[in-house]
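Engineer: First the structure, which I've put down as structure tokens, then a few questions once you've had a look.
Just so you know, all these numbers are worked out from the coordinates, no wet-lab data involved. The structure presented is a predicted model; accordingly, all values stated were derived computationally and were not measured. So basically every Cβ, Gly included, is an ideal-geometry build from the backbone, and we count neighbours across all protein chains shown.
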Amino acid sequence: MVEKTVHRKMKTPSDFQYLAQVITTRCRTVIGVSTLKRIWGYDRSEHVPRYSTMSLLAQLVGYKDWESFLKDSEGDKLSSATYMQQVIYVSELVPGERIEIAWPPNRICQFLYLGDSHFRVELALNSKLRAGDHFTCFYFALGLPLFLENFVHGKSTPTTFIVGYVDGLSMVRKIKSQE
């Protein structure tokens, strides 16, 4: 949608400079050209975009923030359909609920919601995640990558871990209690 809004494909360094200028002019906020390059995958260095950065891009295309973009079923029908098929917002969960996700090629995980946006991995099949890992996140969206913030694997230092980076999540659902 951003490319449609600025009537330009993001393919060259000058395209990203142009986009940064448009954002500065329209949104009155400066965003780094290198940040834009990482978001579009032009620069393949490891990068997790901030919520505020994604909100800025959502504002550029006419939304209040990133969450409003994800909730809105209007706009670019193909993108919105993907986002709106299944989104579970953590703010709507209660402690003790479980979420199950899957992503290609054959990875499946189940998470227990602990409250305050915190989760514990309960089950992990064919994944680098392991039972007992902890993380925070704010939503699970079908077709989008899942960003696990403050991810702790064993005794490791908290970091960000991205699930489904290439193709996004292929399944997102609440599962019944195992009690």
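Engineer: Could you check the simple spin-label distance between Lys11 and Thr25, using points 7 Å along Cα→Cβ, in nm with one decimal?
Structural biologist: The modelled label-to-label distance comes out at 2.2 nm.
Engineer: Here is a follow-up. For region 87-175, what is the Kirkwood hydrodynamic radius in Å, using each pair of distinct C-alpha atoms?
Structural biologist: Over region 87-175, the inverse of the mean reciprocal pair distance is 12.7 Å.
Engineer: Within the chain, count lysine pairs with alpha carbon atoms under 21 angstrom apart where the residues are 8 or more positions apart or belong to different chains.
Structural biologist: 10
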